[in-house]
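Presented below is the structure to which this report refers.
The values are calculated or read from the model by the stated rules, or taken from the named source; none is laboratory data. Just so it is clear, the model here is predicted, and its values are computed rather than measured. Here the Cβ positions follow ideal geometry from the backbone for every residue, glycine too, while neighbour counts run over all protein chains shown.
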Amino acid sequence: MPEDAQKLLFSATLDQAVDGLVARYLRDPVRHTVSGRPGETARGDLPPHHFPGTGDEGRAVGASDTPNPPGEEADSAAAVAAQETGDAPLPGRSRATDDIRVPTGRPGDRAVGHYAVRVRRGDKYAVVAEIAARAGRTLLFVRTQYGVDKLARRLREAGVAAAALHGGKAQNQRTRTLAAFADGTAPVLVATDVAARGIHVDGIDLVVHVDPPADPKDYVHRAGRTARAGATGTVVTIVTPADQEPWAAIVSAAGVSVTDIDARPGDRRLAELIGARRPSGVPVPDPASHIEPETTAPQQVSPGEPRRPRPTSRSGSRVHTKKRKPGSARRSR
């Protein structure tokens with residue numbers, strides 16, 4: 001690559017790997033961060049400006065003509081950017097070495113609400129079904145491919161139009177499923193972490209961790225599917241007694257403020273918070289399946305056209321097409 005070439009790097013998530021690319025390939029980079037919230041200036045006092053090359057309008061946060069070295073200055077810049085993008089290092093750790101960013105949002109911003117719904121193991125499916133039956137676009141995360149298929153099937157049996165998405169499905173199936181979720185044909189998507197990164201669908205106002213994530217970074221990416229581009233959203237994690245210890249470690253490492261709710265099926269608080277309701281109980285088909293049954297149209301015979309004679313043997317009798325049973329002998333004449 002020529003020395004005088006202009007290099008641009010775009011990333012939705014800033015982690016240690018991205019910081020390494022910046023340090024290796026970019027020389028004296030100028031950082032530009034956009035909030036994505038329409039109608040707001042970046043820090044409340046900076047007017048929008050125009051990019052000369054494209055004419056697009058943007059808002060700069062902490063833009064500088066000097067490089068941003070690691071250490072205190074980088075952490076200070078990260079704190080400013082975190083107010084706009086929800087991308088910040090974990091508390092007490094440096095941006096230069098931290099590979100996890102937490103969706104914190106603005107100070108006092110309630111664009112994203114985080115809740116831990118504590119349920120008994122026997123009530124887990126019933127509570128999840130009531131949450132999935134709500135009105136609106138809902139994304140449910142499950143740990144395994146088998147668990148995704150099983151939960152999606154049970155939800156459809158309960159009357160919830162749920163589609164399944166995971167890496168074990170063919171590409172055309174995944175494309176069809178995402179299209180159904182995006183256009184509202186499938187209001188509920190049950191997925192593994194394959195849907196946590198690189199997939200953007202507008203209008204997801206609820207993300208549910210049916211199975212708590214394995215580490216804080218998974219939580220960040222899953223939760224990042226909602227409240228995009230300035231919208232509001234809710235993140236719910238279903239926690240059983242067996243999940244309590246690993247879930248506490250995730251929350252502690254992520255530094256996310258979570259509200260605990262003890263819930264049972266039919267809980268009024270879930271109905272008020274996210275619109276949970278009892279599913280209809282009437283089974284529905286897979287909304288992402290568009291396979292039409294093949295039918296053979298009957299042959300049309302026009303008036304006056306003679307019918308074709310059925311095939312006959314040399315003796316003039318009809319040919320019998322009935323198959324003999326295996327092992328049966330032909331009768332001798």
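Brief remarks follow.
- Members of the range 181-194 that are assigned to a helix (DSSP H, G or I) and either of a type in the set (F, W, Y) or modelled with pLDDT of 95 or more (or both): F181
- Residues located in the range 149-178, provided they are more than 21 Å from V128 (Cβ to Cβ) and part of a helix (DSSP H, G or I): Q171, N172, Q173, R174, T175, R176, L178
- S252, sole failed condition from (1) at pLDDT below 90; (2) under 20 Å from L139 (Cα atoms): (2)
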